[in-house]
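The values are calculated or read from the model by the stated rules, or taken from the named source; none is laboratory data. Worth saying up front: this structure is predicted, and the values here are computed from it rather than measured. Ideal geometry is used to build each Cβ from the backbone, glycine not excepted, and the neighbour counts take in all protein chains shown.
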Amino acid sequence: MKKLGSISKKYACVSCGYWVVKGVLACGNCLHEFTSDDCDKMMVEYQLNKKEGFSDLVIIMLGVVLLIGLILMVTK
């Protein structure tokens with residue numbers, strides 16, 4: 001299944017991985033009709049991707065802070 005960005009409010013179809021927005025009853029790509037089990041799976045996958053996206057953001061922020069620190073040390 002595809003990864004979602006942490007900012008995205010979309011969910012991946014359990015059948016084909018196509019992005020769907022919350023509240024739709026069927027996938028616009030493969031026309032798979034979502035059951036309550038499918039919705040639960042999509043919500044769990046979204047939450048996992050959201051947590052992974054947050055950790056990626058923290059790593060990027062640390063990299064930026066280190067880069068700024070190096071630039072400030074070199075310019076002194």
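Data for the structure
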read-out	value
Residue match in the range 2-20 (condition: surrounded by fewer than 11 Cβ atoms within 10 Å (Cβ to Cβ), of a type outside the set (S, T, N, Q), touching a Phe, Trp or Tyr at 6+ places or on another chain (Cβ under 9 Å) and at pLDDT 85 or above)	no
Residue check, L67 farther than 19 Å from K10 by Cα and assigned to a helix (DSSP H, G or I)	yes
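Residue-by-condition table, conditions (1) in a helix (DSSP H, G or I); (2) touching a His at 6+ places or on another chain (Cβ under 7 Å); (3) basic (K, R):
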position	(1), (2), (3)
Y11	no, no, no
G17	no, no, no
G23	no, no, no
C30	no, no, no
D38	yes, no, no
M42	yes, no, no
E45	yes, no, no
K50	yes, no, yes
